[in-house]
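Quick note: the coordinates plus some simple rules give every number you see, no bench work behind them. Remember, predicted model here, so these are calculated numbers, not experimental data. All Cβ positions, even for glycine, are placed from backbone atoms using ideal geometry, and neighbour counts span all protein chains on display.
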Amino acid sequence: MDLQKKLTRAFVVTFALLMGLGAHYFQHNQGGSGLELAQNNVVWIFFSALIGLGLWQITLQEKIFYSRFTLVFLSAILLFCIPLLYPNNQLADQSYTRLLGLFAGFLLFISLQQLQFTRRNIERLLALIVLAGFLQACYSLTQDYLLPADNLLGYDIGYGRPYGIFQQPNVLASFMATTLILAGYLLQQSKDKKLQIFYLLTALLNMWVITISVSRSGYLGALIALVLFFPWAWQTNKQKLGIFILAILLGLGLASTKGEDILAKRNIDNMTEGGGRLVHYSNSWDMIKKHPLIGYGYGGFEKNYLMNTAERVKNNKSKPEHAHLTHPHNDILFWAVEGGVVPLIAIFLLVIGFIRLLRPFKFTHAMALLALVVPISLHTQTEYPLYHSALHWLVLLLLVFYIDSQSENSRQKMFRLTFALRAFALLIPIGATLFMISNLHTMSKITAFERSKEPNIQLLLDVVNPLVYEDRFEFHLNNFRLAVAIQMNNQEEIEKIINWTEKTIESKPRSFFYLILYLAYLNNNQPEQAQQTLEYARYLYPNDQQLAAVEKQKSEAAASSSAQSSLASFKEEKALDSQLTE
């Protein structure tokens, strides 16, 4: 076996380990999105390893394979980067991780094309995605039916909606819907009886989980995908379609054994209302109308949304938000607010490029292929699953690659810069692995600190990579510094904390930072600035309970109690920020 075939086998094995083990990694955390969730760190380790294998393959064959969609993807990446050149990018550093994730997706897409998979290998990769869905379904059903109240996984059985490893039921539901449709698609093409049974069992369990997740995005994504899938399946094999439908109905039946408990969690009125999303959409649209061409600058959504919404609340044009918002729950609105027109052109280019991939297929087959990407794509318009789950991003890329590989023959071009590419092929997975492992270490320290009744500052001092948890890390450290400075009556230290906090809220106007600043002013003999800070914070966060409860305090004892208020405010806002979206 030559080295190129060994690389292909290594790619499949690495992908199998990801889908069978890595994607389901659990570690206690305080919620959030992206790298604040443990499993995403492990997924990115495998993600980078897959990229490394693909890049190394280019160096062996000294040519690069690509397709028309590869060029479309690359053009979109370049368009997404153009807003970085705009003059309003004071906060652009807060968008770099998002852009890196986008570029990493492109590298993975390129890497997949280099391996020149056989049809059998591609079917194995798709089957492994179904395996990941099957394992998540088992994990989710265990959460909902078997775990006791005091369980090691930290699952709150009182919540009543499973969320799998994703810690959010809607993200779980869109993944279940994707693997449900993929199982049905592969069932139609499989001749292996054992695989057929596996696909049917997965469909049953996934439908069960989707139902009890009570997720509108999951329901809608699964329904639309099934409608698109059925005509092709009917033409391909009516018997298999009938059994597939039977498995889905059985899953619905098993879910219905929970009876009224399912809809009790979210009544019919809640299911049909837009909820807070409509407020997000309305406020975001108002921002787009004000700056339609270049937006507010990359990284500027959170700050500008907060200030724009506060003004609209003051003028009775909007309802108050419950906490700061980092994303409007619609990816098109998000890119438009921050980058204006150009990112929308990039998104439109990707959509048109994907639709062109479907042209060579018969209409019913094209609709079935479209069904594979519908659940995740639809979910990006109601939340932010690609930011919440790296697994969603990886699966979406592989599905698009599969469709691309079936729609046209790849092209190739000679590539001689093998030394530089081999360096990247090694450095990317090594660098990503070191970063993710150090971040998991930070996660354990931050989680232990925030969950302990008497926080130990040594836990924070042990942190070696605070980058992902910068807000949390800096808040806890400066809250501790302030408490000590107040107790020791150290005015010089209080001044330093004031300077740090004033600078911080320019880019991150979080409620808990305003409370630190209020307290610091109060204990630095600046009562007027303290009161102005508190009033402005209440203007930005009219629903914040800690801000509403804070009163002017003059004594050191009272001020010390306010230090606890800032900590309580931090925990309250972080809980709201990372809570399971309804």
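Results, tabulated for the structure shown:
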item	result
Alpha-carbon spread of the stretch 25-162, three principal axes, descending order, Å	55, 49, 21
Contact order relative to length of the chain, as percent, for alpha carbon pairs under 8 angstrom and 6 or more apart	21 percent
Amide H within-cut-off set for Gln412, under 5 Å, with H built and near neighbours excluded	Tyr66
In degrees, nearest ten, helix 301-314 long axis to first principal axis of the chain (Cα)	60 degrees
Convex hull volume per residue in cubic angstrom - Cα atoms of the chain	166 Å³
Which of Val72, Val171, Val337 has the fewest Cβ neighbours within 10 Å, and the rest in rising order	Val72, Val337, Val171
Global form of the stretch 90-190, assessed from the alpha-carbon gyration tensor, a/c cut-off 1.5	oblate
Protection proxy ranking, peptides 146-158, 537-549, 91-103, average beta carbon neighbours within 10 Å, highest first	537-549, 91-103, 146-158
Ranking of Thr178, Thr8, Thr533 by count of other Cβ atoms within 10 Å, fewest first	Thr8, Thr533, Thr178
Angle between the chain longest axis and helix 341-357 axis [Cα atoms, degrees, rounded to 10]	20 degrees
For the stretch 332-426: rounded, prolate or oblate by the Cα gyration tensor [a/c cutoff 1.5]	oblate
On Cα atoms only, tilt of 556-578 relative to the major axis of the chain in degrees	20 degrees
Residues Ile165, Ile332, Ile516, Ile58 arranged by fewest to most Cβ contacts within 10 Å	Ile332, Ile58, Ile165, Ile516
Karplus 3J(HN,Hα) series, Hz, for the stretch 281-295 with 6.51 cos²θ - 1.76 cosθ + 1.60 (x for Gly, Pro)	5, 5, 5, 5, 5, 4, 5, 4, 5, 6, 9, x, 7, 10, x
nm² value of the averaged projected area, convex hull over the Cα atoms of the stretch 384-540	15.0 nm²
Expected-Rg normalisation [2.2 N^0.38 Å, Cα atoms] applied to the stretch 451-556	1.08
Cleavage-rule hits, trypsin sites (Lys or Arg not before Pro), the stretch 114-211, DSSP coil, Cβ neighbours within 10 Å at most 11	Lys191
Mean Cβ count within 10 Å, highest first, over the residues of peptides 306-315, 478-487	478-487, 306-315
Mean-position separation - Cα centroids, the stretch 130-177 and the stretch 400-430, in angstrom	36 Å
